[in-house]
1. Assuming D135 fulfils every condition listed in (1) of a type in the set (D, E, K, R); (2) farther than 27 Å from Q88 by Cβ; (3) assigned to a strand (DSSP E or B) apart from one, which condition is it?
2. What number of residues within the range 139-193 are assigned to a strand (DSSP E or B), in contact (Cβ under 8 Å) with a residue 60 or more places away in the chain and more than 17 Å from the chain's Cα centre (by Cα)?
3. Would you check if A39 is within 26 Å of Q183 (Cα to Cα) and assigned by TED's automatic domain parsing to the domain that holds L170?
4. Only one of A137, A90, A156 is crowded, with 20+ Cβ neighbours inside 10 Å, within 30 Å of Q29 (Cβ to Cβ) and among the small types (G, A, S). Can you tell me which?
5. Checking D136 against (1) within 16 Å of D98 (Cβ to Cβ); (2) under 17 Å from the mean Cα position of the chain (by Cα), which single condition isn't satisfied?
6. Being under 30 Å from V139 (Cα atoms), at pLDDT 75 or above and touching a helix residue (DSSP H, G or I) at 6+ places or on another chain (Cβ under 6 Å) is the requirement here; does T44 meet it?
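The values are calculated or read from the model by the stated rules, or taken from the named source; none is laboratory data. Just so it is clear, the model here is predicted, and its values are computed rather than measured. Virtual Cβ from ideal backbone geometry, glycine too; neighbours counted across all protein chains shown.
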Amino acid sequence: MLAALAVLLIVGGALLAGLLANQMDQRVQVLAAGDTIRAGEVITKEDLMSASVSSDLRTLIRADQIDQVVGRTARVEVSKGQLLDTSQIATTPMPGGDKQVVGISVASGRFPAGGLGSGDVVNVVDVGTQSVSVDDAQVLKAVPSSGTDNDWTSGAVVSLIVDKKDAAKLASASANGTIAVVQTATNQPIKDS
């Protein structure tokens with residue numbers, strides 16, 4: 001009787017170990033960032049790698065869907081090695097709907113000292129009239145005018161996503177050098193439309 005119980009425990013343990021091993025082998029290949037992908041950047045194949053995971057999360061993007069991701073825009077920054085999920089990728093081309101991208105040049109001292117980053121939400125102020133000319137614009141990309149990383153003392157060149165109705169007015173104000181930028185939120189997901 002004791003021998004039968006011992007055999008039953010051994011067989012049961014082996015079956016349990018086999019089930020666990022089988023569960024561990026049910027991994028899927030998903031996409032991960034091969035390098036940091038900044039918010040607002042268009043994703044290329046070189047930005048991506050695959051990772052083997054044991055997960056049933058429906059939001060993770062399978063590696064065989066790479067062609068559906070390449071050419072899309074990152075809504076948020078994705079760190080190197082981070083798994084990609086559907087919430088991080090814009091579903092429509094940027095800008096979408098009634099939005100346009102306007103490039104502006106902002107003089108030193110007319111934007112926050114730490115600079116601006118993709119995803120920041122800003123109000124654009126006409127310094128001549130002291131009024132907000134565009135509110136809730138979103139930064140798609142911002143770089144120092146000097147071309148040197150983090151040297152914002154020379155000013156900034158900024159691509160803003162704005163309503164179509166505000167695009168011409170903003171471009172004109174930028175060309176006249178009469179704008180300042182007020183940051184109202186930082187590092188927000190880039191809106192699809």
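1. Answer for D135: the failing condition is (2).
2. 8
3. Working: within 26 Å of Q183 (Cα to Cα): yes; assigned by TED's automatic domain parsing to the domain that holds L170: no.
When the stated conditions are applied, A39 does not pass them.
4. Details: A137 fails: within 30 Å of Q29 (Cβ to Cβ); A156 fails: within 30 Å of Q29 (Cβ to Cβ).
On inspection, the qualifying residue turns out to be A90.
5. (2)
6. Numbers: under 30 Å from V139 (Cα atoms): yes; at pLDDT 75 or above: yes; touching a helix residue (DSSP H, G or I) at 6+ places or on another chain (Cβ under 6 Å): no.
When the stated conditions are applied, T44 does not pass them.
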